[in-house]
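*Asks:* Before I ask anything, let me first share the structure, which is written out below as structure tokens.
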Amino acid sequence: MKKWKFLTAAALTLMLAACGSDEETSTKDDTNEPAKTEETTSSTEASAFPMTVSPLSAGSETEDGKSLTFEDVTFEEMPKNIVVFDYGFLDTLDALGVEGIVGIAANGGKGNFPEHLKEKYLTDSVTDVGSLKQIDFEKVAAANPDAIFISGRQGSFYEELKEITPNVVFIGSDNSNYVDGVFETVDLAAEIFGKQEKAEELKAALQEKVDAVKEKAAGYENALVAMYNDKKISGFDNGEDSRFAYVYNDFGFKPSTTDIKASSHGSDFSYESILSVDPEVLLIIDRTASDVDTIKADIENDIIKKTRAYKEGKIVYLDGVNWYFSSNGVTTEAEKLDEILNELK
């Protein structure tokens with residue numbers, strides 16, 4: 001994935017000035033430095049702009065196979081009116097304490113919006129600009145955004161959104177290097193909005209949970225990630241195109257099979273298929289976001305009861321909103337890891 005870059009004459013001037021004063025400043029007592037004021041903080045923030053950022057994935061592909069290319073964006077100043085279509089990035093902005101979010105894809109309060117963000121963002125003060133796949137362009141324009149953040153589900157609307165503002169930033173995910181990709185997203189948001197210190201705290205806390213899950217995963221022979229969607233089951237392995245490959249590659253679980261057809265939506269899997277690979281741990285992602293008892297009635301049938309995971313009490317039901325709709329958010333990733341840690345005691 002590309003890294004953002006800063007193209008400012010002001011930044012270069014500051015660097016040269018700093019180099020020329022190294023000898024002088026090295027003799028000063030740090031305790032005598034004046035406290036930062038609101039004015040100096042504002043000046044520091046302003047010096048970071050203009051700022052050019054690159055998309056967190058240079059290219060993507062729509063569901064119909066159309067290839068897309070996303071461009072660098074130059075912000076002349078820190079964005080003040082922000083529209084966010086990606087729930088994971090909204091989650092990260094919220095965790096960093098970023099203000100100015102004026103539009104989100106709330107879909108009328110229906111569907112799969114992260115529970116912990118509802119109270120703050122499903123309000124009259126934040127414009128509902130449509131759903132993840134159906135954008136209300138008039139409402140987006142009325143929100144007067146100076147920054148729009150999108151991900152794969154909105155990729156095909158990229159050019160239309162650029163007609164509203166050229167500052168459309170693509171936030172893609174990288175399943176081949178998932179955790180680092182989450183950290184990169186946090187860093188990008190922190191650089192744009194001046195939240196670097198908070199970003200370091202959030203990344204450190206998340207890394208602790210990743211390490212804890214890895215330690216837990218090392219104690220199991222193998223695992224299988226499956227998704228439940230309206231009584232249908234999809235299986236996922238650790239393949240390059242697998243949506244949940246990171247459960248194996250980054251969280252440390254060993255796959256019970258590597259023979260699942262590569263697909264971001266998984267491969268159709270029968271209950272007999274699950275029994276045939278007989279995982280020690282079975283991770284079930286609830287795509288329908290229904291209650292656990294409803295899923296259990298379907299999943300824990302006579303066939304699944306023969307599996308090692310069922311017999312050893314290692315079937316873990318995972319929240320579909322966090323896992324399927326708002327991945328890559330620093331808070332939701334922490335919640336996902338907690339689900340595993342809490343269930344596999």
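*Asks:* Please go through segment 305-329 and give me each residue that is among the hydrophobic types (A, V, I, L, M, F, W, C) and in contact with a strand residue (DSSP E or B) (Cβ under 8 Å, 6 or more places away or on another chain), ordered by number.
*Replies:* Listed by number, the residues that qualify are A309, I315, V316, L318, W323.
*Asks:* Report every pair of residues separated by at least 6 positions or lying on different chains whose Cβ atoms are under 8 Å apart, first residue within segment 275-301 and without any contact (Cβ under 8 Å) to a residue 24 or more places away in the chain, second buried (at least 16 other Cβ atoms within 10 Å of the Cβ) and part of a strand (DSSP E or B).
*Replies:* Close Cβ pairs satisfying both conditions: K296/Y317; E300/I315.
*Asks:* Looking only at strands (runs of 3 or more DSSP E) that lie completely in segment 64-127, which have at least 1 residues being over 20 Å from E138 (Cβ atoms) and open to solvent by 50 Å² or more (accessible area, probe 1.4 Å)?
*Replies:* 67-69, 73-75
*Asks:* Identify all residues within segment 189-201 that are over 16 Å from S327 (Cβ atoms), part of a helix (DSSP H, G or I) and not aromatic (F, W, Y); write none if there are none.
*Replies:* Correct list: A190, E191, I192, Q196, E197, K198, A199, E200, E201.
*Asks:* When the residues of segment 219-251 are narrowed to those that are over 22 Å from N177 (Cβ atoms) and among the small types (G, A, S), which ends up surrounded by the most Cβ atoms within 10 Å (Cβ to Cβ)?
*Replies:* Ranking the qualifying residues of segment 219-251, first place goes to G235.
*Asks:* Would a scan of segment 194-207 turn up a residue that is in contact with a Leu (Cβ under 6 Å, 6 or more places away or on another chain) and of a type outside the set (S, T, N, Q)?
*Replies:* Checking segment 194-207: at least one residue is in contact with a Leu (Cβ under 6 Å, 6 or more places away or on another chain) and of a type outside the set (S, T, N, Q).
*Asks:* Could you please find all residues in segment 175-201 being open to solvent by 20 Å² or more (accessible area, probe 1.4 Å), closer than 30 Å to N144 by Cα and not charged (D, E, K, R)?
*Replies:* F183, G194, Q196
*Asks:* OK, next. Could you tell me which numbered condition K254 fails, if it satisfies all but one of (1) more than 24 Å from E300 (Cα to Cα); (2) surrounded by fewer than 18 Cβ atoms within 10 Å (Cβ to Cβ); (3) of a type in the set (K, R)?
*Replies:* (1)
*Asks:* Cβ-Cβ below 7 Å, separation at least six or inter-chain, first residue in segment 323-343 and farther than 22 Å from G219 by Cβ and among the aromatic types (F, W, Y), second surrounded by fewer than 24 Cβ atoms within 10 Å (Cβ to Cβ) and modelled with pLDDT under 95: which pairs?
*Replies:* Y324/R287; F325/N112
*Asks:* Quick one: which residue in D338, D302 is surrounded by fewer than 21 Cβ atoms within 10 Å (Cβ to Cβ) and not in a helix (DSSP H, G or I)?
*Replies:* Just a single option satisfies the conditions, and that option is D302.
*Asks:* Quick one: A205 ticks every box in (1) open to solvent by 40 Å² or more (accessible area, probe 1.4 Å); (2) among the aliphatic types (A, V, I, L, M); (3) part of a strand (DSSP E or B) except a single one, so which number is it?
*Replies:* Here A205 clears every test but (3).
*Asks:* Out of the residues in segment 128-142 that are in a helix (DSSP H, G or I) and surrounded by 14 or more Cβ atoms within 10 Å (Cβ to Cβ), which is farthest from the chain's Cα centre (by Cα)?
*Replies:* A142
*Asks:* Those residues that are charged (D, E, K, R) and over 19 Å from N81 (Cα atoms), I need them from segment 144-186; list them, please.
*Replies:* The answer is R153, E159, D174, D180, E184.
*Asks:* Would you say Y248 is over 16 Å from Y317 (Cβ atoms), modelled with pLDDT of 90 or more and not in a loop (DSSP other than H, G, I, E, B)?
*Replies:* yes
*Asks:* Here is a follow-up. Return the pairs, sorted by first residue and then second, in which the second residue is exposed (fewer than 13 other Cβ atoms within 10 Å of the Cβ), the first residue lies in segment 192-212 and is at positive phi, the beta carbons are less than 7 Å apart, and the residues are 6+ apart or on different chains.
*Replies:* Filtered contacts from segment 192-212: no entries.
*Asks:* Can you tell me which residue in segment 267-296 is farthest from N322 (Cα to Cα), limited to those that are open to solvent by 50 Å² or more (accessible area, probe 1.4 Å) and of a type in the set (D, E, K, R)?
*Replies:* E272
*Asks:* Go through (1) surrounded by fewer than 21 Cβ atoms within 10 Å (Cβ to Cβ); (2) over 23 Å from N322 (Cβ atoms) for T307 and report which single condition fails.
*Replies:* The failed condition is (1).
*Asks:* Of the numbered conditions (1) touching a residue at least 12 places away in the same chain (Cβ under 8 Å); (2) farther than 18 Å from D72 by Cα, D136 satisfies every one except a single condition; which is it?
*Replies:* (1)
*Asks:* Out of the residues in segment 144-174 that are at pLDDT 95 or above and in a loop (DSSP other than H, G, I, E, B), state the one that is most open to solvent (accessible area, probe 1.4 Å).
*Replies:* E163
The values are calculated or read from the model by the stated rules, or taken from the named source; none is laboratory data. None of these values were measured; they are calculated from a predicted model. In this analysis, Cβ positions are derived from the backbone assuming ideal geometry, glycine residues included, and neighbour counts consider all displayed protein chains. Note: areas computed on protein heavy atoms with side chains; ligands, DNA, RNA excluded. Shrake-Rupley method; radii C 1.70, N 1.55, O 1.52, S 1.80 Å.
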